[in-house]
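A short reminder: the numbers here are calculations on the coordinates, not readings from a lab. Fair warning: this is a prediction, and the values are worked out from it, not measured in the lab. Cβ: placed from backbone, ideal geometry, glycine included. Neighbour counts: every protein chain shown.
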Amino acid sequence: MDDLSIKKCVPCDSKDLRPMTEQAASDLITKVDGWNLVSEGDALRLKKTWKVKSFTKGLEMFKLIADVAEAEGHHPDLHLVRWNNVTVEIWTHAVGGLTENDFILAAKINALNMQHLLRRKATN
């Protein structure tokens, strides 16, 4: 299944769930446009930044993302820096790294209609 946005996140309580390798993450990153792989300590994360029209548009964006995250049972870190920079970081906290769930959530966030909130195209 190539379209990650139609997949569903799986529960993270499985004892068999492990973080994916950097190679596996590098293979999947091409399926989530605009997202970057970043290393925080020794864990990989997905990160994407947008410039929004206003502080309140940033909060609206948080709400759209929160609704998708809650439906998936997978919750990203949301940052509103200054008044118009929204950054989202995703990783599977339970395993301390990336799983397919993270890429599924990133794809679902990409599928959201957020153009009316943005100043310009997404930045990295």
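Data overview
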item	result
Qualifying residue in region 67-86 (condition: among the β-branched types (Val, Ile, Thr) and assigned to a strand (DSSP E or B))	yes
Test: residue in region 85-97 that is farther than 15 Å from residue 20 by Cβ and touching an Asp or Glu at 6+ places or on another chain (Cβ under 8 Å)	yes
Set 51, 15: member being part of a strand (DSSP E or B) and surrounded by fewer than 20 Cβ atoms within 10 Å (Cβ to Cβ)	51
Identity of the residue in region 102-124, under 28 Å from residue 24 (Cα atoms) and in contact with a strand residue (DSSP E or B) (Cβ under 6 Å, 6 or more places away or on another chain), that ends up surrounded by the fewest Cβ atoms within 10 Å (Cβ to Cβ)	124
Unique match (being without any contact (Cβ under 8 Å) to a residue 60 or more places away in the chain and over 11 Å from the mean Cα position of the chain (by Cα)) among 95, 86	86
Qualifying positions in region 3-27 - closer than 13 Å to residue 96 by Cα and of a type in the set (A, V, I, L, M)	17, 20
Identity of the residue in region 18-41, surrounded by 12 or more Cβ atoms within 10 Å (Cβ to Cβ) and polar (S, T, N, Q), that ends up nearest to residue 90 (Cα to Cα)	36
